[in-house]
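Encoded as structure tokens, the structure appears first; notes follow it.
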Amino acid sequence: MEQIQLIQVTPNELADIISENVKTQIQELAKGLNNSNQESHKEILSRKEVAELFGVSLVTIHDWINTGILAPYKIGGRTFFKRSDLMQLLISAK
């Protein structure tokens, strides 16, 4: 069991101590969320991942590439897309 130590603190000082501790805990939680979001949101996506992201079929992704809606990056016979390009496309489509 931890030992409780009583010290003389004014109500304002106690509020400041609590506020700082809460702020520190919130910042640590926010860092954890940012790290997990970055891990789950990779920058380079496959055709299948893009289709899942937009909720369309692979045929639709193929059509969008042929009509110039999507700009793919081809590496070794595989097709990839940059997430930032896709997000920019969504923003400009509004």
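Each reported figure results from applying straightforward, stated rules to the coordinates on display, with no laboratory input. On a predicted model such as this, the values are computed, not experimentally measured, just so you know. Using ideal geometry, Cβ is built from the backbone for each residue, glycine included, and neighbour counts are taken over all protein chains shown.
Things worth noting here:
- Long-range Cα-Cα pairs in the chain (distance over 15 Å), rounded percent: 74
- FRET efficiency, 1/(1 + (r/R0)^6) with R0 41 Å, evaluated for Ile18 and Ser84 via beta carbons: 0.50
- Taking 7 Å steps out from each Cα toward its Cβ at Glu43 and Asn66 produces label points 3.2 nm apart.
- Magnitude of the charge dipole, the chain, Cβ model with Lys/Arg +1 and Asp/Glu -1, debye to 20: 780
- The helix-based estimate of mean residue ellipticity at 222 nm for the chain, built from -39,500 (n - 2.57) per DSSP H run of four or more residues and divided by its residue count, is -20000 deg cm²/dmol to the nearest 500.
- For Leu70, residues with placed amide H under 5 Å, excluding near neighbours: Ile65
- Between Gln8 and Glu28, the contour length at 0.36 nm per residue exceeds the alpha carbon distance by 4.3 nm.
- In Hz, Karplus ³J(HN,Hα) per residue of segment 17-28 (6.51, -1.76, 1.60; θ = phi - 60°; x = Gly, Pro): 4, 5, 4, 5, 5, 5, 4, 4, 5, 5, 5, 5
- Note on the chain: lysine pairs with Cα distance below 19 Å, sequence gap of 8 or more or different chains, count 7.
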